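Data block below; observations after.
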Amino acid sequence: MNITEKQLKEIAKAGGMKKANELDFKISDGFYELGVYDDDLEWQPTLTVKILKGNCSDDVIFNTDFDNFDEFAARKMLDTLGLVEME
């Protein structure tokens, strides 16, 4: 299962991140990330998503520095996009 850049930006926007389209996309070790490269070209993630597939439902781990990120709305968007199944 892969998440595309467009899908991750839609998930981020659903969670309340208004400037998601301005962020870069990166996949690393099964994590899907939006972020920026700083002046030293070090990756600075703004949103990291990891999906753990389960038998009955899927778990999603969100890690973000966005203060008011709505994980439920983002999770619902993942379900709408057909990337996970909600309970």
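Just for the stretch 37-74: of the residues that are of a type outside the set (Val, Ile, Thr) and within 9 Å of the chain's Cα centre (by Cα), which one is nearest to ILE11 (Cα to Cα)? Let's see the steps before the verdict.
At the first step, the residues of the stretch 37-74 found to be of a type outside the set (Val, Ile, Thr) are 37-45, 47, 50, 52-59, 62-63, 65-74.
Then drop every residue that is not within 9 Å of the chain's Cα centre (by Cα), which leaves 47, 50, 62-63, 74.
On the way: LEU47: 10, LYS50: 12, PHE62: 11, ASN63: 13, ALA74: 5 Å.
Within the stretch 37-74, the match that is nearest to ILE11 (Cα to Cα) is ALA74.
Any idea how many residues of the stretch 42-75 are without any contact (Cβ under 8 Å) to a residue 40 or more places away in the chain and in a loop (DSSP other than H, G, I, E, B)? Total meeting the criteria: 8.
Restricting LEU34, LEU78, LEU8 to residues that are surrounded by 18 or more Cβ atoms within 10 Å (Cβ to Cβ), modelled with pLDDT under 95 and either within 13 Å of the chain's Cα centre (by Cα) or not in a loop (DSSP other than H, G, I, E, B) (or both) narrows the list to LEU78. Under 10 Å from the mean Cα position of the chain (by Cα) and either open to solvent by 40 Å² or more (accessible area, probe 1.4 Å) or more than 16 Å from PHE72 (Cα to Cα) (or both), is that true of ILE27? No; evaluated as a whole, the condition is false for this residue.
The values are calculated or read from the model by the stated rules, or taken from the named source; none is laboratory data. Keep in mind that this is a model prediction, so the values were computed, not measured. For neighbour counting, all protein chains shown are included, and Cβ atoms are generated from backbone atoms with ideal geometry for every residue, glycine included. Calculation scope for accessible area: heavy atoms of the full protein, side chains included, ligands and nucleic acids excluded. Shrake-Rupley method; radii C 1.70, N 1.55, O 1.52, S 1.80 Å.
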